[in-house]
Amino acid sequence: MAGDVWEAVHWFEAERAVLVAAVTHAHARGWWELCWEITDAMSIALEHQWRWDISGQVHGLALDAADRLRDGQARAALLRNLGEALRDGGDDLDRAAECFSEAIALFRSSGDAHGESDALGNLGILQRSKAHCGKPSEPSPRPSCASGPCHWSAGWPGPCGKRR
């Protein structure tokens, strides 16, 4: 099983630029569902590899696509994912809180209790990080990912640079 996971991680790393191009192309062609679905599918891989800038780029296009579809469920999922990227990247914790709050409201209004609880949990992690750090807008240092994919672990600094 572990070999399969690493194979998938390496595949994603090799194909990341193609997937980003696919999202951009889908958006440019008006293929709204494809745009947001590819973004949603690659969100976890972007998160685990600390690709916050790319995540912000594709989520911006995907949110526009979800809005054009008037798809509140898609928007909620994308906002939750974008909130995670903003929180974990430490770039804009206030915007991350806004993303989680809007996602919570959208999930709640659609009756999606699982989505609502996930977004609530993520907002709780953000609030705990802010309280732990004391400086909500200080970006985190990032480890070098040159030797392989990066991910959060108990020993890495949180959004403010303090160890978890």
Taking interchain pairs and intrachain pairs at least six residues apart, which have beta carbon atoms under 6 angstrom, with the first residue in segment 114-125 and closer than 11 Å to GLU102 by Cα and in contact (Cβ under 8 Å) with a residue 24 or more places away in the chain and the second part of a helix (DSSP H, G or I) and among the small types (Gly, Ala, Ser)?
ALA119/ALA103
Kindly indicate whether any position in segment 98-112 is small (Gly, Ala, Ser), under 13 Å from the mean Cα position of the chain (by Cα) and at pLDDT 95 or above.
yes
Number of the condition not met by ARG87 [criteria: (1) modelled with pLDDT of 95 or more; (2) more than 22 Å from ALA17 (Cα to Cα); (3) not aliphatic (A, V, I, L, M)]
(1)
So if I check each of ARG70, ARG80, which one is more than 10 Å from the chain's Cα centre (by Cα) and within 26 Å of HIS114 (Cα to Cα)?
ARG70
Give me the pairs: first residue in segment 20-42 and in contact (Cβ under 8 Å) with a residue 24 or more places away in the chain and closer than 18 Å to GLN73 by Cβ, second residue part of a loop (DSSP other than H, G, I, E, B) and among the aliphatic types (A, V, I, L, M), beta-carbon distance under 8 Å, and six or more apart or on different chains, which are they?
none
The listed residue being of a type in the set (Asp, Glu) and under 14 Å from the mean Cα position of the chain (by Cα), out of ASP64, ASP40
ASP40
Just the residues that are small (Gly, Ala, Ser) and either in contact (Cβ under 8 Å) with a residue 60 or more places away in the chain or more than 25 Å from ARG108 (Cα to Cα) (or both), please, taken from segment 43-52.
ALA45
Looking only at residues that are among the small types (Gly, Ala, Ser) and under 15 Å from GLU47 (Cα atoms) in segment 57-87, which one is surrounded by the most Cβ atoms within 10 Å (Cβ to Cβ)?
GLY83
Could you go through segment 53-76 and let me know if any residue there is more than 20 Å from ILE38 (Cα to Cα) and either of a type outside the set (Val, Ile, Thr) or free of Cβ contacts under 8 Å to residues at least 24 places away in the same chain (or both).
no
Which residues, taken from segment 38-60, are part of a helix (DSSP H, G or I) and over 20 Å from HIS27 (Cα atoms)?
ILE44, ALA45, GLU47, HIS48
Looking at segment 77-113, which of its residues are in contact (Cβ under 8 Å) with a residue 24 or more places away in the chain and not in a helix (DSSP H, G or I)?
GLY90, ASP91, ASP92, ASP112
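The values are calculated or read from the model by the stated rules, or taken from the named source; none is laboratory data. Note that the structure is a prediction, hence the values are computed from the model and not measured. Backbone-built Cβ (ideal geometry, glycine too); neighbour counts: all protein chains shown.
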